[in-house]
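*Asks:* Below you will find the structure I want to go over with you.
The values are calculated or read from the model by the stated rules, or taken from the named source; none is laboratory data. For clarity, every value in this text was computed on a predicted model and none was experimentally measured. Neighbour counts are summed over all protein chains in view; Cβ atoms, including those assigned to glycine, are modelled from backbone coordinates with ideal geometry.
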Amino acid sequence: MAVDRRTLLTTTLAGAVFAPAILRTTKVYGAEFALKYANNSPVTHPLTIRTKEALEAITKETGGKVDIQIFPNNQLGSDTDMLSQLRSGALEFFTLSPLILSTLVPKASINGVGFAWPGYDKVWPAMDGELGAYVRAEIAKSGLVAFEKMYDNGFRQITSSTKPILAPADLDGFKIRVPPSPLWTSMFKAFGAAPLSINFSETYSALQTKVAEGQENPLAIINAAKLYEVQKYLAKTNHMWDGFWFLANGKMWAGLPKEIQTVIAKHVDAFAIKQREDIAALNATLEKELSEKGLAFNAVDNAKFREKLASAGFYKEWQEKFGPDAWALLEKYAGKVS
């Protein structure tokens, strides 16, 4: 029944009128601009909580002229489903990992280069600065609009149901779920693992049924999605930093009055900053909380993992794929990556 319902939702949306939503009004909400926003995050995740608050603030400041409905937790389908809906105009706003967006905008995944970032003190100056501006310009070429401030997903950690991951050799042959993104697949293949591209909406069941032995996600996602219920070990690898671009359909956005654009962008960006603070606060407490829920944590030597990637040619390959301009901006903020 759940599959039929999701299929029905996706099919209904895909068959909707693709004219910009600003040309439509709904008697249900009485709004002049009735729009939709979707994400893949559980309702308890800071992304959903803060974007909901942002949308409420937009409605309030516009006096009800703008009403943006929120559809969290993959209600409208998988990430790839929702990206398709966003591009077609069936969905107006969507938050998505740059690494999954890279299936459409290849250079969007530059922030996800393995073991590139030493910490947030390097990440935010880059993504709020020249690197982020470079990626937004690439996104614009695809007909989408990316807002200035990224929402945080976090540094990603590897979990397993079968064995602790202590060193790169432990990943040899390891069946790990990764999102559908070339960079993720490439990195884990460089470790000798067997990466399985699975949308987030299907990750819990893949782990529960042992289709995959492990997965990798930030602590906040592991907690909110209850992945600790089907995993035993967590390696503190911090192997990638990942965020969420708040995306808009370009044609719809261009058709909005400038004053409406200003209000929407102001609140989307302001609540992104609040959401970053939420993730930082969670990161300070979640190791203890998840340990109490039965997840065994272990530290690793990140330098060993980075050396393995370098010897496998991972950095050389992706430097060539991203090109000298993007790579130079990455290294300007993150330091030498090789």
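*Asks:* Name every residue in the stretch 281-296 that is over 25 Å from PRO168 (Cβ atoms) and in a loop (DSSP other than H, G, I, E, B), in order of residue number.
*Replies:* Within the stretch 281-296, ALA284, THR285, LYS293, GLY294 qualify.
*Asks:* Still on this structure, I have one more. In the stretch 305-314, how many are surrounded by 13 or more Cβ atoms within 10 Å (Cβ to Cβ) and out of contact with any Gly (no Cβ under 8 Å at 6 or more places or on another chain)? Let's see the steps before the verdict.
*Replies:* Going residue by residue through the stretch 305-314, those that are surrounded by 13 or more Cβ atoms within 10 Å (Cβ to Cβ) are 305-310, 312, 314.
Narrowing further to those that are out of contact with any Gly (no Cβ under 8 Å at 6 or more places or on another chain): 307-308, 310, 312.
The total comes to 4.
*Asks:* Then there is this: Checking the structure you have, find out if any residue of the stretch 313-322 is modelled with pLDDT of 95 or more, among the basic types (Lys, Arg) and part of a helix (DSSP H, G or I). Working first, answer last.
*Replies:* Looking only at the stretch 313-322, we keep the residues that are modelled with pLDDT of 95 or more, and these are 313-322.
Checking which are among the basic types (Lys, Arg) leaves us with 316, 321.
So of that shortlist, the ones also part of a helix (DSSP H, G or I) come out as 316, 321.
For the stretch 313-322, residues modelled with pLDDT of 95 or more, among the basic types (Lys, Arg) and part of a helix (DSSP H, G or I): present.
*Asks:* Going residue by residue through the stretch 257-268, is there one that turns out to be at pLDDT 95 or above, among the basic types (Lys, Arg) and not in a loop (DSSP other than H, G, I, E, B)?
*Replies:* Initially, the stretch 257-268 is screened for residues at pLDDT 95 or above, giving 257-268.
Filter once more, so that each one left must be among the basic types (Lys, Arg): 258, 266.
Imposing the further condition that a residue be not in a loop (DSSP other than H, G, I, E, B) reduces the set to 258, 266.
Yes, because at least one residue in the stretch 257-268 is at pLDDT 95 or above, among the basic types (Lys, Arg) and not in a loop (DSSP other than H, G, I, E, B).
*Asks:* How do the helices (runs of 4 or more DSSP H) wholly within the stretch 29-133 filter down when requiring 2 or more residues that are charged (D, E, K, R): which remain? Even if it seems obvious, please write down each step before you answer.
*Replies:* Numbers: elements: 46-61, 79-88, 98-101, 120-127.
Correct list: 46-61, 79-88, 120-127.
*Asks:* Could you tell me whether ALA299 is surrounded by fewer than 13 Cβ atoms within 10 Å (Cβ to Cβ) and within 27 Å of ALA169 (Cβ to Cβ)? Let's see the steps before the verdict.
*Replies:* On the way: surrounded by fewer than 13 Cβ atoms within 10 Å (Cβ to Cβ): yes; within 27 Å of ALA169 (Cβ to Cβ): yes.
So ALA299 fits the description; yes.
*Asks:* Looking at LYS321, LYS258, LYS266, can you tell me which residue is farther than 23 Å from TYR120 by Cβ, in the same structural domain as ALA54 (by TED's automatic domain parsing), under 23 Å from the mean Cα position of the chain (by Cα) and not β-branched (Val, Ile, Thr)?
*Replies:* Working: LYS321 fails: in the same structural domain as ALA54 (by TED's automatic domain parsing); LYS258 fails: under 23 Å from the mean Cα position of the chain (by Cα).
Unique residue meeting the criteria: LYS266.
*Asks:* Now for a different question. Hey, LYS304 hits all of (1) among the basic types (Lys, Arg); (2) outside the structural domain of GLY114 (by TED's automatic domain parsing); (3) under 30 Å from LEU55 (Cβ atoms) but one; which does it fall short on?
*Replies:* (3)
*Asks:* So how many residues does the stretch 308-338 have that are touching a residue at least 24 places away in the same chain (Cβ under 8 Å), closer than 25 Å to ASP172 by Cβ and not polar (S, T, N, Q)?
*Replies:* Residues flagged as touching a residue at least 24 places away in the same chain (Cβ under 8 Å), closer than 25 Å to ASP172 by Cβ and not polar (S, T, N, Q) within the stretch 308-338 amount to 11.
*Asks:* Can you tell me which residue among MET240, MET187 is in contact (Cβ under 8 Å) with a residue 12 or more places away in the chain, closer than 26 Å to GLN275 by Cα and not hydroxyl-bearing (Ser, Thr, Tyr)?
*Replies:* On the way: MET187 fails: closer than 26 Å to GLN275 by Cα.
Every option except MET240 fails the conditions.
Yes or no, residue by residue, for (1) buried (at least 24 other Cβ atoms within 10 Å of the Cβ); (2) in contact (Cβ under 8 Å) with a residue 12 or more places away in the chain; (3) in contact with a helix residue (DSSP H, G or I) (Cβ under 8 Å, 6 or more places away or on another chain); (4) under 30 Å from ALA299 (Cα atoms):
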position	(1), (2), (3), (4)
PHE93	yes, yes, yes, no
GLY129	no, yes, yes, no
ALA140	no, yes, yes, no
THR159	yes, yes, yes, yes
LYS163	no, yes, yes, yes
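*Asks:* While we're here: Return a yes/no flag: does the stretch 10-18 have any residue that is modelled with pLDDT of 95 or more and farther than 24 Å from VAL135 by Cα.
*Replies:* The initial filter retains those residues of the stretch 10-18 that are modelled with pLDDT of 95 or more, namely none.
No.
*Asks:* Can you tell me which residue in the stretch 58-77 is farthest from MET252 (Cα to Cα), limited to those that are surrounded by fewer than 20 Cβ atoms within 10 Å (Cβ to Cβ) and either touching a helix residue (DSSP H, G or I) at 6+ places or on another chain (Cβ under 6 Å) or of a type in the set (S, T, N, Q) (or both)?
*Replies:* Per the stated criteria, the residue is ASN73.
*Asks:* Which one is surrounded by the most Cβ atoms within 10 Å (Cβ to Cβ), of the residues in the stretch 142-157 that are of a type in the set (A, V, I, L, M, F, W, C) and in a loop (DSSP other than H, G, I, E, B)?
*Replies:* As a first pass, look at the stretch 142-157 and keep what is of a type in the set (A, V, I, L, M, F, W, C): 144-147, 150, 155.
Remaining after also requiring in a loop (DSSP other than H, G, I, E, B): 147, 150.
Working: PHE147: 19, MET150: 26.
Result: MET150.
*Asks:* Give the residue, chosen from ALA133, ALA140, ALA169, that is at pLDDT 95 or above and touching a Lys or Arg at 6+ places or on another chain (Cβ under 9 Å). Can you show your working first?
*Replies:* Details: ALA133 fails: touching a Lys or Arg at 6+ places or on another chain (Cβ under 9 Å); ALA140 fails: touching a Lys or Arg at 6+ places or on another chain (Cβ under 9 Å).
Just a single option satisfies the conditions, and that option is ALA169.
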